[in-house]
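Worksheet: one structure, shown below.
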Amino acid sequence: MDKNLIQRTISGLVYVAVIILCTTPLGSQLINKIHPDLIRQEYLYFSLISLLLLVGTWECIKIMKFGKGYEKWIVLPLVIFIFYVFSKRYFHHDFFFDFRLNEILAISLIAIAVVTLFKYPNELYYDSGKLIFTVIYVALPFSFALGLPKFSSFEGTFSLEVLFLFILIWSSDTFAYLTGKFFGKHKMAPKISPKKTWEGYAGGVALTLVLSYFVEHYQPELRGNWMIVGFLVAAFAPLGDLVESQLKRNFGVKDSGNIIPGHGGVLDRLDSFLICVPVVYLYFILEKFI
């Protein structure tokens, strides 16, 4: 058997296991069997997102090849500060998904960063542009991710919104790949991602909606309507892949890193997650007004 395939399989299984353990109560339950009351699930999830944030920031800095100016050295402090602000809200259960101008502005900045990457890439060749893009592209999505799950330390509960978000992203990627492989003829973005097709995109949306139906039917306690969430995920997950592909293409980089053997870096694995999180977060805001 191909050694690369074995490596990819093992590292992929470890990656999925870590996601499951950190986004469901199963993680704290297993750890606390070894040592009672050692860790609560909300801290396990927070640790995961914090680690992904730090590694993702470092990868983005390397991809964008900062110069010798001061900008390179203030990226991480700015990212940590933004994450700290959201962290306080996370531990104080302050994500009420009200219509807050600062949150809408933050989500708008992500959209502006994406447009800049595709339409005005020359802006990212300046260190100031690299600084702004890195902070927006990495810090804001991971910070918004803290607002997705609901938990109660008193009751020992932790909701599964993030787990099912990952599942829908994985299903969208898988279904789009399989549909595109067997039926794909029309390229979506041949210069950026030659393997993506419109047929694959349509298949990813349709089949993810089928899975979303079962999530909505069997997980009624989740926030929002998961048929809508599934559609949003399937619609925007390919954009996340195109954003990261365009970023690497602009700077002549193949992979964002090698922290996950055979799969690349954190940004390679979470490119869709970085775009889907703010989209779903925005839906949870708008849902309260519908």
For segment 146-280, what percent of Cα pairs sit more than 17 Å apart?
-> 62 percent
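Assign unit charges at the C-beta atoms only (+1 for Lys and Arg, -1 for Asp and Glu), then state the dipole size of the chain relative to its Cα centre in Debye, rounded to the nearest 20. Could you put the intermediate results ahead of the total?
Working: 26 positive and 22 negative charges, 186 e Å.
With only Lys, Arg, Asp and Glu charged at Cβ, the dipole is about 900 debye.
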Largest first, how would 127, 98 line up by accessible area (1.4 Å probe)?
-> 98, 127
How much FRET efficiency would the formula 1/(1 + (r/R0)^6) give for residue 8 and residue 186, where r is the Cβ-Cβ distance and R0 is 30 Å, rounded to 0.05?
-> 0.55
For the chain, what is the mean residue ellipticity at 222 nm derived from helices alone (per DSSP H run of n ≥ 4: -39500 (n - 2.57); sum divided by total residues; nearest 500 deg cm²/dmol)?
-> -23000 deg cm²/dmol
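Got a number for carbon plus sulfur as a percent of segment 3-289's accessible area, 1.4 Å probe?
68 percent
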For residue 157, the residues 5 or more places away or on another chain with a placed amide H closer than 5 Å to its own amide H are 152
Can you give the accessible area of residue 8 in Å² (nearest 10), computed on protein heavy atoms with a 1.4 Å probe?
-> 110 Å²
Residue 43 accessible area, nearest 10 Å², 1.4 Å probe?
-> 100 Å²
What accessible area per residue comes out for segment 141-290, rounded to a whole number of Å², with a 1.4 Å probe?
-> 45 Å²
Heavy atoms only, probe 1.4 angstrom, no DNA, RNA or ligands counted: give me 104, 228, 285, 112 ranked by accessible area, highest first.
-> 112, 228, 104, 285
Quick shape check on segment 59-138: root eigenvalues a ≥ b ≥ c of the Cα gyration tensor, a/c under 1.5 is rounded, otherwise prolate if a/b tops b/c, else oblate, and it reads oblate
Take the alpha carbon gyration tensor of segment 70-201, find the square roots of its eigenvalues, order them as a ≥ b ≥ c, and report rounded if a/c is under 1.5; if not, report prolate when a/b exceeds b/c, else oblate.
-> oblate
Is segment 1-144 rounded, prolate or oblate when judged by the Cα gyration tensor, a ≥ b ≥ c being the square roots of its eigenvalues, rounded requiring a/c under 1.5 and prolate requiring a/b larger than b/c?
-> oblate
Given charges at Cβ of Lys, Arg, Asp, Glu: the chain dipole, positive-most of 132, 174, 118 | 118
Would you rank 142, 182, 154 by solvent-accessible area, highest first, keeping every protein chain in place and using a 1.4 Å probe?
-> 154, 182, 142
Length gained when the stretch residue 74-residue 16 is fully extended (0.36 nm per residue, less Cα-Cα span) = 17.6 nm
Candidate lysines for bridging to residue 185, where Cα separation is under 29 Å - those fewer than 8 sequence places away on the same chain excluded | 119, 195, 196, 248, 254
Which of the DSSP-defined H helices in the chain satisfy a minimum axial length of 20 Å, computed from C-alpha atoms, and a minimum mean Kyte-Doolittle hydropathy of 1.0?
-> 3-23, 41-64, 71-91, 101-119, 161-183, 271-287
Segment 3-289, relative contact order [Cα under 8 Å, separation at least 6], % = 23 percent
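The values are calculated or read from the model by the stated rules, or taken from the named source; none is laboratory data. These numbers were taken from a predicted model, which means no experiment stands behind them. Positions of Cβ are generated from backbone atoms using ideal geometry, with glycine treated the same way; all protein chains shown enter the neighbour counts. Ligands, DNA and RNA are excluded from the accessible area calculation, which covers all protein heavy atoms including side chains. Shrake-Rupley method; radii C 1.70, N 1.55, O 1.52, S 1.80 Å.
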